[in-house]
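Before any comments, here is the structure.
The values are calculated or read from the model by the stated rules, or taken from the named source; none is laboratory data. Remember, predicted model here, so these are calculated numbers, not experimental data. Glycine gets a Cβ as well: all are built from the backbone with ideal geometry, and neighbour counts include every protein chain shown. Areas reflect the complete protein model, heavy atoms only, side chains present, ligands, DNA and RNA absent. Shrake-Rupley method; radii C 1.70, N 1.55, O 1.52, S 1.80 Å.
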Amino acid sequence: MSTLEPIQVGLSNALLAPERPLPPGVITWNGSDPSVRFDVYRNNVVVSLTTALAEGFPVTRALVGERFFAAMARCFIADHLPSSPILSDYGDALPDFIAAFPPAQGLSYLPDLARLERARVQAYHAADAPALTAQDLACQLANPQRLSAARLALHPACIVLVSEHAIVSLWAAHQGQGRIEDVDLRRAESALVLRDGDAVLVLPLSLEIGHFLVALAAGAPLGEAAEIAAAAGPDVDLTQAIVLLIHYGGIAAWHTPGDL
Amino acid sequence: MTTKSPTTIAVGIGLKAEHMPDIIADDTALDFVEVHAENYMVSGGPALRQLTRVRDRFALSIHGVGLSIGGAAPLDQEHLDRLAALLQRFEPAWFSEHLAWSSHGGACYNDLLPLPYNPATLVHVCDQIDVVQERLGRRLLLENPSTYIEFATSSMDEGAFLAEVATRTGCGLLLDVNNAYISAVNHGRDPWDLIVALPPAAVGEIHLAGFAEDRDAVGDRLLIDTHGAPIAEAVWDFYRRTLRHLGSRPTLIERDQAIPPLAVLVAEAQRARSAWVDAAAWTEAAS
């Protein structure tokens, strides 16, 4: 019904496909080829979205190099245009895209590293919420027989990632902490990403604690999460994990069955 | 029957995240700052806290880049809701958006794409602006775009189109002097035609920025609105002429690429202040 619709369909189709002709009716004052002028728009779309991705995934970009990243971003953009104009939400699908991107197949750690970077952006912009303090939780923790049935809700800015790769060391080496050549890529490192004031921290976790916190974040009771952690390996200092969460304000709620 | 020119002009800059700490800490000689609405459509965290602190010190302008007012489809209600919440939270002095489209079929292109100017588009754009102003409960300033192509179905000049939108909807206009200059060069027109077509009372804000220069397929100048360079001298001249015609208007320096230190942008804002002094003196002398 709208006369704008066919023009916008035609221009949209031509934006990401330079080989596609422009819709009829696109003109220039001097009779020059409008497609050459339309390249300004084509370039704006790809460059601005590539820039947005590069800002959210700086270490991923540093690891593969600027040219590889730009080429990969171009493929990603063609398949995954943003669904909203809020660019801080753009890039959720990039880690899975990297995992399936044939030229990145040799870099098995890259999708998880990208997930870590994405988690940092999400943590930075996550909702503000009060966190429970050690004092708030004192009576819960003093009641060991009821602990195993307790469920807790992580703070919205608290994200746990389990990885079989050394993503925390790799990321830290790009922040000037440690040398990249010293990173043992085969070491499994999980991560706790959280907000501390205006900063976003990336804390290393053992695989076991990573599984423990993932289970808690998914709503499992403490006892069940502890079993999951124990099945993952021997390093299961759960008290330390809970203390860590409390210290960084990572617990938003604590429910024990029977509580009012 | 001349009215005495106001002695001051409000100047500001587009605020980038990298300048946040400096602008909060320093005693910056700016009257207002402008931020992109979409950069603050987040659930929580430091960005909103910082904007609150900025809002405490400067008048704020919120500039939307993603509403797609010229989109063929109805406006994205979810986005409009987010916008309403943001404006309610920060109560900016001005809210502006673009005469352009940026989304289609559920995909966002993150660029401001051009519209044919004709009576059918006019009705559609006015309907959309009515929806926006109704939902937000406030006046929108609509910005003239920089464009690189035109349409055979256009039957109105950009200036006449904008003037008619302002008259029909009651919206204000954000006159981007750089965009006016770019589009005029790109389409072989006189940029002054746009300025004189606009109802002066509707113009609520002016934008200034830098462009890059290329050539089209026959070798004619093609100016590209990069926001990545200092403002061109030709645009400063055009701005002074515009001020003599319109009078004092809040003026904003935009820089979104190759972002220099804050002091460089503040110096450009001060130059806008000086331009007003020159223009006011000229107007006094001529009256």
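For A:W254, nonlocal amide neighbours, meaning residues 5 or more places apart or on other chains whose placed amide H falls under 5 Å from its own, are A:A153. Taking only protein heavy atoms and a 1.4 Å probe, the accessible area of chain B is 52% carbon and sulfur. For the stretch A:127-260, what log10 I(q)/I(0) values come out of the Debye formula at q = 0.09, 0.11, 0.15, 0.21 1/Å, with one point per alpha carbon and no solvent? For the stretch A:127-260, the Cα-only Debye profile gives -0.28, -0.41, -0.73, -1.27. Would you mind giving the total buried accessible surface between chains A and B, with a 1.4 Å probe and ligands, DNA and RNA left out, rounded to the nearest 100 Å²? Interface between A and B: roughly 4100 Å². Taken over chain B, the ratio of Cα radius of gyration to 2.2 N^0.38 Å equals 0.98. Peptide packing: for B:261-270, A:19-28, A:99-108, the average count of neighbouring Cβ atoms within 10 Å per residue gives the ranking B:261-270, A:19-28, A:99-108, highest mean first.
Rolling a 1.4 angstrom probe over the stretch A:9-76 with all protein chains present gives an accessible area of which 55% lies on carbon and sulfur atoms.
Contact residues in the stretch B:135-173 (at least 20 Å² less accessible area with all protein chains than alone, 1.4 Å probe): B:Y148, B:I149, B:E150, B:F151, B:A152. Using the Cα coordinates of the protein assembly as shown, the gyration tensor eigenvalues translate into equivalent-ellipsoid semi-axes of 49, 27, 22 Å, sorted from longest to shortest. Remark: the stretch A:1-121 carries a charge dipole of roughly 180 debye about the Cα centre, counting +1 on each Lys and Arg Cβ and -1 on each Asp and Glu Cβ.
Can you tell me the accessible area per residue over chain A, all protein chains present, probe 1.4 angstrom, in square angstrom?
Numbers: 12390 Å² over 260 residues.
Solvent-accessible surface per residue comes out at 48 Å².
With 10 Å bins beginning at zero, the pair-distance distribution over Cα atoms of chain A amounts to 6, 24, 26, 19, 12, 8, 3, 1, 0 %. By the compact-protein rule of thumb, 2.2 N^0.38 Å, the alpha-carbon radius of gyration of the stretch B:176-263 corresponds to a ratio of 1.12.
Computed on the stretch A:1-107, the Cα convex hull volume stands at 132 Å³ per residue. Of A:H247, A:S32, A:L161, which is farthest along the charge dipole of chain A in the positive direction, counting Lys and Arg as +1 and Asp and Glu as -1 at C-beta? After comparing all options, I get A:S32. Here the dipole of the protein assembly as shown is about 540 debye; that uses its Cα centre as origin and unit charges on the Cβ of Lys and Arg (positive) and Asp and Glu (negative).
Could you please put B:F161, A:F97 in sequence from largest to smallest accessible area, using a 1.4 Å probe? Walk me through the numbers before you get to the answer.
Numbers: B:F161 0, A:F97 30 Å².
If we order B:F161, A:F97 from most to least accessible, we get A:F97, B:F161.
So in the protein assembly as shown, what percent of DSSP beta bridges are antiparallel if you round to the nearest 5? If we restrict to bridges inside the protein assembly as shown, about 45 percent are antiparallel.
For B:35-41, what's the mean count of beta carbons from other chains sitting within 10 Å of each residue's beta carbon? All intermediate terms of the calculation are to be shown ahead of the outcome.
Details: counts 0, 2, 2, 6, 3, 3, 7.
Mean inter-chain Cβ contacts per residue within 10 Å come to 3.
Where does each of B:225-232, A:144-151 land if you order them by average Cβ count within 10 Å, highest first?
Values: B:225-232: 18.9, A:144-151: 13.8.
My ranking of the peptides, most packed first, is B:225-232, A:144-151.
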